[in-house]
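The values are calculated or read from the model by the stated rules, or taken from the named source; none is laboratory data. Treat the numbers as computed from the prediction; the structure is a model and nothing was measured. All Cβ positions, even for glycine, are placed from backbone atoms using ideal geometry, and neighbour counts span all protein chains on display. Ligands, DNA and RNA are stripped out before the accessible areas are found, and what is left, the full protein with its side chains, is counted by its heavy atoms. Shrake-Rupley method; radii C 1.70, N 1.55, O 1.52, S 1.80 Å.
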Amino acid sequence: MNTPLPLPGAERTDGSSVQIGALVPLTRPGWVEAGRHLLAGLELAVREVNDAGGIVGRPLELVVRDTAADPQRAAAAVDDLARLGVAALAGEYHSVVARAAAGRADALGLPFLCSSAVLDALTEQPAEWVARLAPAQSHGWRIYADFLLRAGHRRIAVAADSSVYWASGARVLRDYLAPRGGAVIELDMRALAPSAVCDELVDNRATALLLLVGYPEPAVSIVKSVRRDKRLAEIMMGAPAGQPEFAGWATLLGADGAAIPFLRYLPERLSSLGARVETALRERLAEAPSFVAFEGYDTVAVLADVLRSHDADRARTAGSWARVAVEGTRGQIRFSRTPGISVWQWAWPPVQVVDRDPAVPDRFRLLHAGGDSTARS
């Protein structure tokens, strides 16, 4: 394990509570809706931990920092939370932001359980202080690529923004599809207007278009342009990053936003724990909880279990990832060292490809599943 860098004031002395730092995108340009769901899951689990007696009699407290999808802001928040003496870090949704936070947490010797970010290389070097609940991008996106092949798609266009995350996703798709007879046609959205995407799809004879772009824009404009082009009536649009998961997608696009398959990290059937948490999250959010809300809940459930066993000691917490065995909302959570993954990884959460039902856009249809799709009671 790396030797943590010393930080002045890193040790709390009041003994009043055990603090977890929470990194969450709560303002633009962060994906605010995802951040709201993530925070709801974190807060619900903290409340339940405290209702059950806290951490060996001490209340668990969440110290929230808004990352606003800014890697530098996230790294600064890690420094701030470390100085406050938090026992561990939790959260973050955006992969590039989580990467900055994870690298800083590992350097400082601050345990970080990442909730939702999926980049395989979450840290540049193997990290002992960082673990992750969300499946690595290579795992989930290969399942999505398999779904495309099974659906008969061989010429697949990707409308891609410029970022490490989108480039990594395009590479996963290309590497998986090419040996199996598929072709990935990359459309650079820095150079194309949403309306120009339609001509590119026709010229390249694509049968599927994947939206590797930001939400709401340019994703919403691309969907509207394609839906209104009669030449593309048969094309399938997809969004492996999960843009259609949240209610805002259906609000902005209505019926146009249906039948766009995406990845979500939920089982086909929830366990009794998952069903109870779903009910509580729905009440808290006043809408159906996304998989991101479940990831937030499971993050705190794991950290609370570890903190109870190790008296909130940072080094002992980070040294216990390999011994975690916690029943989460989506199955039993264990961490291991997985080839090609730089952090301790839950291998694997359930992975589904779903879409919104055109007949009832608020209802999801299961199209494909990878691995064990049932969380058992």
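What the table below lists for this structure:
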read-out	value
Alpha-carbon Rg/Rh ratio, for segment 132-190, with Rh computed the Kirkwood way	0.98
Average accessible surface area per residue within segment 146-273, 1.4 Å rolling probe, Å²	42
For segment 85-134, radius of gyration divided by Kirkwood radius, i.e. Rg to Rh on alpha-carbons	0.91
Positive-pole candidate from Met237, Val306, Ser225, dipole of segment 214-314, charges at beta carbon	Ser225
Net charge dipole size for segment 221-268 [Lys, Arg +1 and Asp, Glu -1 on Cβ; Debye, nearest 20]	260
Lys, Arg +1 and Asp, Glu -1 on Cβ, resulting dipole of the chain about Cα centre, debye, nearest 20	700
Cα-based Kirkwood hydrodynamic radius, segment 45-170, one decimal, Å	16.4
Beta bridges per DSSP with both ends in the chain, % antiparallel, nearest 5	30
Alpha carbon convex hull of segment 107-151, volume per residue in cubic angstrom	68
Amide proton proximity set for Gly238, modelled H, under 5 Å, gap of 5+	Leu209, Leu210, Leu211
From the C-alpha gyration tensor of segment 11-109, square roots of 5λ in Å	23, 17, 9
Sequence-separation-based contact order of segment 98-190, relative, with Cα cut under 8 Å and 6+ spacing, percent	24
For segment 59-106, Kirkwood radius (reciprocal of mean inverse C-alpha pair distance, Å)	10.8
Segment 1-152 - percent relative contact order, Cα under 8 Å, separation 6 or more	26
Label zone at Ser195 (point 7 Å along Cα-to-Cβ), backbone N below 17 Å, segment 220-258	220-232
Per-residue ³J(HN,Hα) for segment 339-354, Karplus 6.51 cos²θ - 1.76 cosθ + 1.60, θ = phi - 60°, Hz, x for Gly and Pro	x, x, 10, 8, 10, 5, 10, 6, 10, 9, x, x, 10, 10, 10, 9
Translational diffusion coefficient (Stokes-Einstein; Kirkwood radius from C-alpha pairs) of the chain at 20 °C, 1.002 mPa s, in µm²/s	102
Mean Kyte hydropathy of 0.5 or more with a Cα span along the axis of at least 27 Å, helices from DSSP in the chain	291-310
Relative contact order (percent, whole number), the chain, Cα cutoff 8 Å, 6+ residue spacing	19
Segment 142-227 - Rg over Rh from alpha carbon coordinates, Kirkwood radius	0.95
Intensity falloff of segment 208-331 expressed as log10 I(q)/I(0), Debye formula with alpha-carbon point scatterers, at q = 0.09, 0.19, 0.20 Å⁻¹	-0.39, -1.02, -1.07
Mean shadow area of segment 272-377, taken as a quarter of the surface of its Cα convex hull (nm²)	8.4
Farthest toward positive dipole pole in the chain [+1 Lys/Arg, -1 Asp/Glu at C-beta], among Leu133, Gly85, Val97	Leu133
For segment 263-316, the Rg and Dmax computed from alpha carbons only, in angstrom	13.6, 39
Nearest-20 debye value, segment 51-204 charge dipole, Cβ charges on Lys, Arg, Asp, Glu	360
